[in-house]
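Report on the structure given below.
Any read-out appearing in this document is the output of simple, stated calculations on the displayed coordinates, not a laboratory observation. Computed from a prediction, not measured in an experiment: that's the story for all the values here. FYI the Cβ positions are ideal-geometry reconstructions off the backbone, even for glycines, and counts take in every protein chain you see.
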Amino acid sequence: MKINKKPWPLKTIYGIRNRIDTNPDFQRPAVWSRSQKQLLIDSILRDYDVPKLYWRKTGSKPDTYDVVDGQQRLRAIWEFFDGSYRLPKNADSIDGFEIASCKYDELPDDLRIGLDIYPLDIIILEETDEDEVREMFLRLQNGTTLKAQEKRNAFPGKMRDFVRNLSEHSFFSKVGFSNARYTHDLVVAQMACLELAGGPTNAKNNDLNKMYENNKEFDDKSSEARAINRVLNFLNEVFPEKTPELERFNVISLYCVVAELMKQYVIDEIKPHFQNWVINFEQERYSQEAKSEDEADPEWVAYKEKISHSTDASDSIRWRMEFMLRNLLEKYPNLSLKDNQREFAHVQKLVIFRRDKGICKLGIKCDGIKLTWDDWHCDHNIPWSKGGKTTVENGQVSCAACNLSKNNIII
Ligand SMILES: [Zn+2]
């Protein structure tokens, strides 16, 4: 990397503004307020020192540049020269010159010329590759309020590229939240984090940073990468158009639900109903939230709590996934397990136990006793050996004695 430092007069910098790209893909969108811009111009007029700007030379004849650092300052200067804003009403005079409420054109000549020739230190980086520039951008931005995902987007490596690519997946054109400050990238990064962990896990900024760090060589053909693609393709297919119910907080839970369904259940059975289920689930949530705490179902009250804070914590993600899966199995009790599996899945058992209120449904050896969660058998109503499916619909609570007795009768 070649580094070339030179003071450039502001007027010169303004003159070549069309050759400077202030928004290369690792940069953040403009966020400076009017008063921050005014403060910069005021500082320059008073001859305070302004920190260096870093540009990367991207072409010659004529020279072109990417801004690595200093985008906000550059925009503030250009906009002032353009006459887009005035100095503050209460600005103090400088050497006896009044500057309050002045636009660039209205400044006293002495000050305006001083501004035109003010030397701003520019560091030009030449012969650099993308990764070096991103690395420098990261270092320069540390300690500022740059948001975590924006920092990660400047972090070189294959995980970054994988996440950036998938954030353009057409599923994200269907969701109800925008990509402001790379929210889509953040969601994909969380999906990758969950997939790499094989299920719910902490997906906070620190965890995502570590994931980027540890997966610089991430293979976008790996089984995890393919699994993430499969879930996104499924979601993209079941939501044919923009669906405002898909919000920032539930897309991650939905990801877990679909990933779990793909692992354990015959996913094609639920596919035609999935969109309806999500929309109904959200409607149920709205109507529960409209009720007073006393009237609302305590489970929905707990769900509201879980989506209100610490949504990136492992136990919250797992709780929400199980809550949604349970809801889905209550509505679609015919959903069967893959490979004609005999053992009931955990969530199926939860739904069956709650539906039967823990009461033995066989009544062969008992009169329907009430059982505890630690002490019940999940019985196939139509026996598995006779072709009965392992579904919520075909499951029932039974006590040990009745279960044993039924099995003896069948044999
Ligand atoms: Zn019994």
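What residues of the stretch 243-260 lie in the reach of a label at Lys338, counting those whose backbone N is under 16 Å from a point 7 Å from the Cα along Cα→Cβ?
Counting only backbone N, you get 256-260.
For a quick check, take a GNM of the chain with Cα springs below 10 Å and name the residue from Ser308, Ser178, Ser336 with the largest mean-square fluctuation.
Ser308
Starting at the first residue of the stretch 296-306, write each ³J(HN,Hα) from the Karplus equation 6.51 cos²θ - 1.76 cosθ + 1.60 with θ = phi - 60°, in whole Hz, x for Gly and Pro.
Here the 3J(HN,Hα) series is 6, 4, x, 5, 6, 4, 5, 4, 4, 4, 5 Hz.
Mind listing the long-range amide H neighbours of Tyr265? Cut-off is under 5 Å, sequence gap 5 or more, other chains count too, H placed in the peptide plane at 1.01 Å from N.
Lys338
How much length would be gained if the chain were fully extended between Asp297 and Arg19, taking 0.36 nm per residue of separation minus their Cα-Cα distance, in nm to one decimal?
That works out to 94.0 nm of additional length.
With a ≥ b ≥ c the root eigenvalues of the C-alpha gyration tensor of the stretch 219-361, is it rounded (a/c under 1.5), prolate (a/b larger than b/c) or oblate? Walk me through the numbers before you get to the answer.
Details: a/c = 1.64, a/b = 1.15, b/c = 1.42.
Here the stretch 219-361 falls in the oblate category.
In what sequence do Thr12, Thr391 fall when counting other Cβ within 10 Å, fewest first?
Least crowded to most crowded, the residues run Thr12, Thr391.
How far apart, in nanometres, would the label points at Lys386 and Asn165 be if each is projected 7 angstrom from Cα along the Cα-to-Cβ direction?
Going from the Lys386 label point to the Asn165 one covers 5.3 nm.
Estimate the FRET efficiency between Asn236 and Lys204 by the formula 1/(1 + (r/R0)^6), using the beta-carbon distance for r and 41 Å for R0, to the nearest 0.05.
That pair, Asn236 with Lys204, gives E of 0.95.
Please go through the residue pairs Lys158/Lys338; Lys2/Lys216; Lys11/Lys52; Lys2/Lys158; Lys6/Lys57 and name each one whose alpha carbons sit more than 23 Å apart in this structure.
Violating the 23 Å limit, Cα to Cα: Lys158/Lys338; Lys2/Lys216; Lys2/Lys158.
I'd like to know how the stretch 323-411 sits against the 2.2 N^0.38 Å rule of thumb: what's its Cα Rg over that expected value?
1.04
If you count the DSSP beta bridges with both ends in the chain, what percent of them are antiparallel, to the nearest 5?
75
Using +1 at the C-beta of Lys and Arg and -1 at the C-beta of Asp and Glu, which of Leu404, Ile122, Leu39 has the Cα lying farthest in the positive direction of the dipole of the chain?
Among Leu404, Ile122, Leu39, the one farthest towards the positive end of the dipole of the chain is Leu404.
Residues of the stretch 99-142 with amide nitrogen under 11 Å from the 7 Å Cα-to-Cβ point of Ser60?
Under 11 Å, as judged by backbone N against the label point of Ser60, lie 127 of the stretch 99-142.
What's the center-to-center distance, using Cα atoms, between the stretch 43-74 and the stretch 153-224 in Å?
The two parts, judged by their Cα centres, are 31 Å apart.
Pairing rule first: another cysteine's C-beta must sit under 4.7 Å. Under that rule, which cysteines of the chain stay single?
Cysteines of the chain left without a disulfide-compatible partner: Cys102, Cys193, Cys256, Cys366, Cys378, Cys402.
For the stretch 1-67, which chymotrypsin sites (Phe, Trp or Tyr not before Pro) are both in a DSSP coil and crowded by at most 10 other Cβ atoms within 10 Å? Present the calculation step by step, with values, prior to reporting the outcome.
Numbers: sites: Tyr14, Phe26, Trp32, Tyr48, Tyr54, Trp55, Tyr65; in loops: Phe26, Trp32, Tyr48.
Passing sites in the stretch 1-67 are Tyr48.
Hey, fewest Cβ within 10 Å first, where do His346, His377 land in order?
His346, His377
Calculate one ³J(HN,Hα) per residue across the stretch 88-101 by plugging θ = phi - 60° into the Karplus curve 6.51 cos²θ - 1.76 cosθ + 1.60, and present them in order as whole Hz with x for glycine and proline.
Along the stretch 88-101, the couplings run x, 4, 9, 5, 6, 5, 10, 6, x, 8, 7, 10, 4, 6 Hz.
So if we plug the beta-carbon distance of Glu127 and Lys5 into 1/(1 + (r/R0)^6) with R0 = 25 Å, what FRET efficiency do we get, rounded to 0.05?
In this case the efficiency is close to 0.95.
Assuming R0 = 30 Å, what is the FRET efficiency of Asp110 and Arg34, from their Cβ-Cβ distance, to the nearest 0.05?
0.75
State to the nearest 20 debye the size of the charge dipole of the chain about its Cα centre, where the only charges are +1 on K and R beta carbons and -1 on D and E beta carbons.
Values: 60 positive and 65 negative charges, 172 e Å.
It comes to approximately 820 debye.
Select from the stretch 65-132 those trypsin sites (Lys or Arg not before Pro) which occupy a DSSP coil region and have at most 13 other Cβ atoms within 10 Å, ordered by residue number.
Passing both the DSSP loop test and the Cβ count: Lys89.
Setting aside same-chain residues fewer than 8 positions from Lys386, which aspartates and glutamates have a Cα under 19 Å from its Cα?
Correct list for Lys386: Asp339, Glu343.
Could you tell me whether the chain comes out rounded, prolate or oblate from its Cα gyration tensor? Rule is a ≥ b ≥ c as square roots of the eigenvalues, rounded for a/c under 1.5, then prolate if a/b exceeds b/c, otherwise oblate.
prolate
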